[in-house]
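Structure, as structure tokens:
The values are calculated or read from the model by the stated rules, or taken from the named source; none is laboratory data. Computed from a prediction, not measured in an experiment: that's the story for all the values here. Note that we place each Cβ from the backbone using ideal geometry, even for glycine, and neighbour counts take in every protein chain shown.
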Amino acid sequence: MDLSQLLTDVNDFVWGPIMLAFLVGTGIFLTIRLKFLPWINLIYAIKMIMLHKADNKGDLSPFQSLMTALSATVGTGNIVGVSTAMVLGGPGAIVWMWISAAFGLSTKYAESVLAVKYRETNPVGEMAGGPMYAMKNGIGGSFGKIMATLFALFAVCASFGIGNMTQANSISSAFSSLGISTEVTGIILVVCSLAVLIRGVHSIGKVSSFIVPSMAFFYILFTLIIVIKNFGNVPSGLATMFQMAFAPEAVAGGVGGSIVASMLTAMRWGVARGVFSNEAGLGSAPIAAAAARTDHASRQGYVNMTGTFFDTMIICFLTGLVIASSGVLGTVDPETGKLISGAPLTILAFSTVYGEGAKYIVSIALALFAYSTILGWEYYGEKSLEYLVKARPVIIGYRIVFSLITFIGATQTLDVVWNFSDTMNGLMAIPNLLCLLILSKDVANECFDYQKNFIAQGK
């Protein structure tokens with residue numbers, strides 16, 4: 001068996017039914033354990049993003065912390081992942097994305113609470129937190145330290161692939177369709193990445209707090225225009241989504257009934273792409289949560305869980321609705337004879353309203369989403385490396401190397417590297433989910449304390 005096949009087999013397990021059940025199952029357990037408070041307090045959490053100005057120890061404002069997490073979360077999965085899920089699992093996959101995201105709110109809340117509760121201050125006065133510190137300081141002992149080391153190692157490895165090269169390749173692919181060479185894109189990426197990353201977390205927070213809301217606003221605006229223009233098809237599109245989401249036997253949908261899927265197929269691809277997009281349970285986003293200036297771990301937990309809401313319940317859903325209402329799902333490429341999927345399917349859906357301009361809209365959105373992911377994942381990788389290696393020069397070196405590697409990602413196709421990083425990304429979830437289950441009492445105590453002393457008193 002060659003290395004590529006081995007990695008594919010491992011990857012199939014890591015992102016397979018057992019792990020997906022573990023991810024969603026943990027979310028269900030936490031939702032019940034927390035008495036559904038993450039759901040009940042969702043509107044409160046959204047208000048907290050902008051209204052709360054904390055003057056406490058930390059590196060970023062609550063808003064900047066959320067934007068840094070969202071910069072890594074809102075990415076190619078919102079455009080490519082959604083259309084792929086709908087081709088492989090039918091329109092019903094979008095419904096299962098929503099369901100997994102609903103329970104993902106509790107997972108994202110819990111991991112963010114633990115990140116703030118168990119964070120430390122590093123030698124240069126920055127906050128250092130995330131699952132590895134919750135494992136070390138919360139679980140403790142040899143078991144906790146081994147889990148922490150494994151998580152940090154997986155995160156560093158994943159940062160170079162899923163958080164860097166795959167994103168850079170998506171950007172270069174998007175721009176090459178517009179006639180820009182991959183080498184030129186690679187050079188621009190290196191310069192743009194270095195300019196932001198070399199100055200550290202404050203620079204990442206400032207840039208993310210500008211790029212993420214801007215790109216999300218314009219993407220949502222463009223998708224809403226399509227939904228309004230195709231509004232006559234929206235009811236039937238929604239009906240098809242729910243029909244195919246809960247059909248016990250395989251049913252057909254899409255153009256000419258070319259998309260055939262059962263409830264299990266829709267569930268598998270909807271949950272897989274949903275988790276891949278919003279990263280609830282993987283343990284990456286809480287690393288950014290730990291940098292926030294906040295007066296209570298639970299407050300930042302609520303702020304950060306809204307990332308799952310915006311990523312999956314808003315942006316992914318709108319992409320799915322655009323594809324479902326535009327009538328392009330199931331279109332066959334005349335040249336290859338295969339179903340059109342990924343970014344080309346999203347472009348095809350956008351072209352029903354924007355014509356030739358669709359290619360530019362989707363390509364630019366894809367590039368901005370992917371670039372923001374590079375920034376967010378550098379911070380995740382840096383903080384994970386900082387846990388493993390305390391030497392400051394190594395951290396600065398990581399920032400430079402990470403920026404330079406974007407050129408390789410933009411100009412090369414490295415399937416083995418991508419499979420490896422994809423596997424590392426999934427493996428992060430195992431110690432993180434175990435940590436959430438072991439420390440669920442800590443999360444519940446923080447949650448109920450905050451409910452009693454802050455929310456109930458209108459703070």
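Worth a mention:
- Only residues that are in contact with a helix residue (DSSP H, G or I) (Cβ under 6 Å, 6 or more places away or on another chain), within 15 Å of Asn78 (Cα to Cα) and not aliphatic (A, V, I, L, M) were counted across segment 200-221, and they come to 1.
- Test: residue in segment 325-339 that is at pLDDT 85 or above and closer than 22 Å to Thr166 by Cβ: no
- The residue that is farthest from Gly16 (Cα to Cα), among those in segment 412-441 that are buried (at least 17 other Cβ atoms within 10 Å of the Cβ) and among the hydroxyl-bearing types (Ser, Thr, Tyr), is Ser440.
- Restricting the first member to segment 37-57 and to residues that are modelled with pLDDT under 85, and the second to residues that are exposed (fewer than 14 other Cβ atoms within 10 Å of the Cβ) and of a type outside the set (Asp, Glu), the beta-carbon pairs closer than 8 Å and six or more apart or on different chains are Lys57/Thr121.
- Being assigned to a helix (DSSP H, G or I), out of contact with any strand residue (DSSP E or B) (no Cβ under 8 Å at 6 or more places or on another chain) and buried (at least 19 other Cβ atoms within 10 Å of the Cβ) is a property that Val207 has.
- The listed residue being closer than 18 Å to Ala128 by Cα and surrounded by fewer than 22 Cβ atoms within 10 Å (Cβ to Cβ), out of Ala358, Ala444, Ala391: Ala391
- Every residue from segment 70-102 that is closer than 22 Å to Pro38 by Cβ, in contact with a Leu (Cβ under 8 Å, 6 or more places away or on another chain) and of a type outside the set (Gly, Ala, Ser): Ile94
- Within segment 130-148, residues that are under 15 Å from Asp442 (Cβ atoms) and in contact (Cβ under 8 Å) with a residue 24 or more places away in the chain have Cβ atoms under 6 Å from residues that are among the β-branched types (Val, Ile, Thr) and surrounded by fewer than 23 Cβ atoms within 10 Å (Cβ to Cβ) in these pairs: Ile139/Ile438, counting only partners at least 6 apart in sequence or on another chain.
- Segment 407-418, residues that are out of contact with any Gly (no Cβ under 7 Å at 6 or more places or on another chain) and either at pLDDT 90 or above or in a helix (DSSP H, G or I) (or both): Ile408, Gly409, Asp415, Val416
Here is a yes/no grid of residues against (1) of a type outside the set (Val, Ile, Thr); (2) under 21 Å from the mean Cα position of the chain (by Cα):
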| site | (1), (2) |
| --- | --- |
| Ala289 | yes, yes |
| Ala297 | yes, no |
| Thr312 | no, yes |
| Phe317 | yes, yes |
| Ala324 | yes, no |
| Glu335 | yes, no |
| Phe350 | yes, no |
| Glu356 | yes, no |
| Tyr360 | yes, no |
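- Residue check for Ala158: outside any helix (DSSP H, G or I), more than 25 Å from Val362 (Cβ to Cβ) and of a type in the set (A, V, I, L, M, F, W, C): no
- Residue within segment 369-379 that is without any contact (Cβ under 8 Å) to a residue 60 or more places away in the chain and in contact with a helix residue (DSSP H, G or I) (Cβ under 9 Å, 6 or more places away or on another chain) present: no
For (1) within 24 Å of the chain's Cα centre (by Cα); (2) surrounded by 14 or more Cβ atoms within 10 Å (Cβ to Cβ); (3) more than 30 Å from Gln64 (Cβ to Cβ); (4) of a type outside the set (A, V, I, L, M), each residue gets a yes or a no:
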residue: Gly186; (1), (2), (3), (4): yes, yes, no, yes
residue: Cys192; (1), (2), (3), (4): yes, yes, no, yes
residue: His202; (1), (2), (3), (4): yes, no, no, yes
residue: Phe217; (1), (2), (3), (4): yes, no, no, yes
residue: Thr223; (1), (2), (3), (4): yes, yes, no, yes
residue: Val234; (1), (2), (3), (4): no, yes, yes, no
residue: Gly237; (1), (2), (3), (4): no, yes, yes, yes
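- Of the helices (runs of 4 or more DSSP H) lying entirely inside segment 19-116, those containing at least 3 residues that are among the small types (Gly, Ala, Ser) are 62-73, 80-89.
- Flag if Arg392 is modelled with pLDDT under 90 and among the basic types (Lys, Arg): yes
- Qualifying residues in segment 127-182 (those that are at pLDDT below 90 and more than 24 Å from the chain's Cα centre (by Cα)) - the one surrounded by the most Cβ atoms within 10 Å (Cβ to Cβ): Thr182
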